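Asker: Here it is, the structure in full.
Computed from the coordinates by the stated procedures, all read-outs in this text should not be read as laboratory data. As the structure is a computational prediction, the values presented were derived from the model and not from experiment. Heads up, the Cβs are rebuilt from the backbone with ideal geometry, glycines too, and the neighbour counts pull from every protein chain shown.
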Amino acid sequence: MVDGVESIQSTVRDWRYRIGWILSSLAILFLVMDSTMKLLALNVVLESGAALGFTGVDTARGLGIVLILCTILYAVPRTTVLGAILLTGYLGGAVATHVRVGNPLFSHVLFGIYLGVIVWAGIYLRDARLRSLIPIRKT
């Protein structure tokens, strides 16, 4: 009977771990795309940045460098939590910027929060230490 319990726990762990990596991978792919667009200083980045008060190629590239460094830290398993903390700060700045310019709530303002939830959910599902630190209780 103990073998059956261990195999069930192993299956649950594998399921959480896989879903966690899927969520983390989606976040990483999006963040790499976003930082690459900023580093290349594409016109769409410069135009949308100017509307938010971030003008110039240097500003776009600076944000791209910060974002790619945070994303790399998030992608490396040993520094995942540090990367997630830094990404949370970066995304918080994006939320504040969209609030400041009066952008729509659900499509623009909360997008950083949606992405932050995906970032942290990915770690939560694949790291038992984080789950023990922040348990989800049924009652």
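Asker: Taking the chain as the reference, fit the longest principal axis to its C-alpha atoms, fit the long axis of helix 80-101 to the helix C-alpha atoms, and give the angle between the two in degrees, 0 to 90, nearest 10.
Answerer: 40
Asker: Sticking with this one: Could you work out how far helix 111-126 tilts from the main Cα principal axis of the chain, as a 0 to 90 degree angle to the nearest 10?
Answerer: Value to nearest ten degrees: 30.
Asker: Say R0 is 30 Å: what FRET efficiency, to the nearest 0.05, do Met37 and Ile136 get from their beta-carbon distance?
Answerer: With a Förster radius of 30 Å, E is 0.25.
Asker: I'd like the orientation of helix 57-75 relative to the chain: the angle between its Cα long axis and the longest Cα principal axis, in ° from 0 to 90, rounded to 10.
Answerer: Once rounded, the angle reads 10 degrees.
Asker: Specify which residue in the list Val81, Gly112, Thr36 is farthest towards the positive end of the charge dipole of the chain, using unit charges on the beta carbon of Lys, Arg (+1) and Asp, Glu (-1), about the Cα centre.
Answerer: It is Val81, whose Cα lies furthest towards the positive end.
Asker: Then there is this: In the stretch 105-122, which residues have a backbone nitrogen under 20 Å from the label point lying 7 Å from Val66's Cα in the Cα-to-Cβ direction?
Answerer: Those under the cut-off are 108-117, 119-120.
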